[in-house]
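Let me begin by presenting the structure, written as structure tokens, before commenting on it.
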Amino acid sequence: MSQSIENAWQLARQRYADINVDVDAALTLLDTLPVSMHCWQGDDVAGFENPTGSLTGGIQATGNYPGKARNVRELRGDLELAFQLIPGPKRLNLHAIYLEAEGRVERNEIEPKHFAGWVDWARNHDLGLDFNPTCFSHPLSADGFTLSHADAGIRRFWIEHCQASRRISAYFGRELGTPSVMNIWVPDGMKDVTIDRLAPRQRFMAALDEVIAEKLDSRHHIDAVESKLFGIGAESYTVGSSEFCLGYASSRGIALCLDAGHFHPTEVISDKISSAMLFVPRLLLHVSRPVRWDSDHVVLLDDETQAIANEIIRHDLFDRVHIGLDFFDASINRIAAWVIGTRNMKKALLRALVEPTGQLRELEQQGDYTARLALLEETKSLPWQAVWDKYCQLHDVPVGGDWLRVVREYESSVSSKR
């Protein structure tokens, strides 16, 4: 097996060299592009605050595949297995509900100490951590509003929760030596005809201004805001719309989060990247796969995933775009979902890195669109898979579909007994 991988790799190197693509350099660069894997795929967004509580805020994890993680020990064990099957650098994205505490801690009272175990674990596994306040699935979000709530007391609670979350995010960055990207998403909106669309957005803007007022070291913490088109229970009006979040991020100089499932069915975030980068300092991407709505299916190596990767690589956005995943499929093995989705994102980045971008851009500038299309299509058939297999081998992770056998063994011996 190893010899056949080596033979294919050497042939692929030559094929790519023939079009002036250095695949060794591509693999070196791929090793600098971490993908932030989301913890909530492992337990259907339950968390540890109240894991038996129901999801709200338009969030729904569908399916009842056996073996989901029930506590922090099980979740970390599942994550560790997934990380062992994914080559290259990774990060972990945490929500506030994944705290560790004796007894209930209100969300506006969370502190770094409640996540110290995650920091120790991340340090031991050479991982960076990202963070999210959890503005859903709580009694004070039951009527569909949080940071834009008309009740000043409820609004204050969520402001304090987000402020506390920022301090935790900065703690992650300080302790681990890599900045934590903290993303604010709220489910605020209305189900039916909305008369006053302005006042909630005014309150939301003022609340966000309070949240980010404390100056934090950008070497440790990065703020981001995320828009959404609609949600279950907020079909007619979403306070944090695309226009709102783009305007807020650009005017405040913070990162904008583009989630692949948060736009109209005919919209794609790949086309938004170049426009948004003109106005915001950084982008956070939530790569997901919507099927007719924001259903957060497992990421495929499909056209849009590839287009997202191409935009990052073609425009050298390595230091300004942060790549995260956001899906939660409870209908299949949850560890397999992580592995499939994360490997696919990394495959897309590799395919973008071995594209002859310089030649394609030159043909475009010359107006030779015939040659541009011809070369672009020919590159799709080049042996990028052999390069990927070599990358997996270099990182000592299973090549091809061999990783599934490891997941099945773990399922048989560990997760199926939960």
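The condition (being modelled with pLDDT of 95 or more, among the β-branched types (Val, Ile, Thr) and touching a strand residue (DSSP E or B) at 6+ places or on another chain (Cβ under 9 Å)) is satisfied by just one residue among VAL21, VAL35: VAL35.
Pairing each residue of segment 214-231 that is of a type outside the set (Asp, Glu) with any residue that is surrounded by fewer than 22 Cβ atoms within 10 Å (Cβ to Cβ) and outside any loop (DSSP other than H, G, I, E, B), provided the two are 6+ apart or on different chains, yields C-beta distances under 6 Å for HIS220/ARG174; SER227/SER242. From the list ALA152, ALA116, the lone residue that is under 30 Å from VAL239 (Cβ atoms) and of a type in the set (A, V, I, L, M) is ALA152. Of the residues making up segment 100-112, those that are farther than 19 Å from VAL186 by Cβ and surrounded by 13 or more Cβ atoms within 10 Å (Cβ to Cβ) number 5. In segment 130-158, the residues that are at positive phi and small (Gly, Ala, Ser) reach residues that are part of a strand (DSSP E or B) and modelled with pLDDT of 95 or more with C-beta atoms within less than 7 angstrom, at least six apart or across chains, in these pairs: GLY144/GLY189; GLY144/MET190.
Just to check your reading of the model, which residue among HIS38, HIS95 is under 27 Å from GLU235 (Cβ atoms) and either out of contact with any Ser or Thr (no Cβ under 7 Å at 6 or more places or on another chain) or of a type in the set (Val, Ile, Thr) (or both)? Write out each step before concluding.
Values: HIS95 fails: either out of contact with any Ser or Thr (no Cβ under 7 Å at 6 or more places or on another chain) or of a type in the set (Val, Ile, Thr) (or both).
Going through HIS38, HIS95 in turn, the sole match is HIS38.
Taken over segment 284-333, the criterion of being among the aromatic types (Phe, Trp, Tyr) and surrounded by fewer than 16 Cβ atoms within 10 Å (Cβ to Cβ) is satisfied by TRP293, PHE318.
Checked against the criteria, GLU160 does not count as in contact with a Leu (Cβ under 9 Å, 6 or more places away or on another chain), over 24 Å from VAL287 (Cα atoms) and surrounded by fewer than 20 Cβ atoms within 10 Å (Cβ to Cβ). When segment 252-294 is filtered for residues that are more than 12 Å from the chain's Cα centre (by Cα), of a type in the set (A, V, I, L, M), at pLDDT 95 or above and not in a strand (DSSP E or B), the ones remaining, listed by number, are ILE254, VAL268, ILE269, ILE273, ALA276, MET277, LEU278, VAL280. For segment 192-202, check the following and say yes or no: at least one residue is in a loop (DSSP other than H, G, I, E, B), aliphatic (A, V, I, L, M) and either without any contact (Cβ under 8 Å) to a residue 12 or more places away in the chain or within 22 Å of ARG155 (Cβ to Cβ) (or both). Looking for residues that are in a loop (DSSP other than H, G, I, E, B), aliphatic (A, V, I, L, M) and either without any contact (Cβ under 8 Å) to a residue 12 or more places away in the chain or within 22 Å of ARG155 (Cβ to Cβ) (or both), one finds at least one in segment 192-202, hence yes.
Inside segment 66-93, residues that are free of Cβ contacts under 8 Å to residues at least 40 places away in the same chain and surrounded by fewer than 21 Cβ atoms within 10 Å (Cβ to Cβ) make up a count of 2. Test ASP44 against the criterion of being without any contact (Cβ under 8 Å) to a residue 12 or more places away in the chain and either surrounded by 14 or more Cβ atoms within 10 Å (Cβ to Cβ) or more than 14 Å from the chain's Cα centre (by Cα) (or both), and give yes or no. No. Restricting segment 400-418 to residues that are under 21 Å from ALA348 (Cβ atoms) and surrounded by fewer than 18 Cβ atoms within 10 Å (Cβ to Cβ) leaves a set whose member that is modelled with the highest pLDDT is LEU404. Screening LEU382, LEU375, LEU349 for residues that are closer than 28 Å to TRP9 by Cβ, modelled with pLDDT of 95 or more and in contact with a strand residue (DSSP E or B) (Cβ under 9 Å, 6 or more places away or on another chain) leaves exactly one candidate, LEU349.
The values are calculated or read from the model by the stated rules, or taken from the named source; none is laboratory data. Just so you know, these numbers come straight off a predicted model, no measurement behind them. Please note: Cβ atoms are built from the backbone with ideal geometry, for glycine as well, and neighbour counts cover all protein chains shown.
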